[in-house]
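Coordinate-derived values only; no laboratory data. What you see is a predicted model; the values in this text were computed from it and never measured. Note: ideal-geometry Cβ built from the backbone for every residue, glycine included; neighbour counts use all protein chains shown.
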Amino acid sequence: MPAAQSLKDLLLRFLADRVPPAVRGKVAALPAQRQRAFAEAYNRTARSTATAYLLFLLVGAHYAYVGRRGIQIVFWVTLGGLMIWWVVDLFRIPVMIRRYNEEVAKDILRRLPTSA
């Protein structure tokens, strides 16, 4: 029984830390097996703010990281909006990652099998 309790604690910590607030309640209401399936899928597809900043600083590829390739090309062609866009994005990256992760979480919830 202690292993089951530690797994439950781990899932609760995961829900509290990583899942966007917009879907946290829905995930918490799922049975444990479906929560595990959600957690595995979310961990595979969610994006990290730290990685986005690293890509931003090294090659300016933060838009590509969240799947917005068209805007990424415009960003590169305009040299980051002649650096103005670059400075603005320095502060926007956490919001971009949060929105992307929220959409990913909603999509995973929609695609979870009804019986698991």
Simple SL model, points at 7 angstrom along Cα→Cβ for ARG36 and ARG68; separation in nm is 3.7
The simple spin-label model distance between VAL87 and TYR53, using points 7 Å out along Cα→Cβ, in nm, is 2.0
Going residue by residue through the range 82-96, the Karplus relation 6.51 cos²θ - 1.76 cosθ + 1.60 with θ = phi - 60° gives ³J(HN,Hα) values, rounded to whole Hz and with x marking Gly or Pro, of 6, 6, 5, 4, 4, 5, 4, 5, 4, 9, 8, 4, x, 5, 4
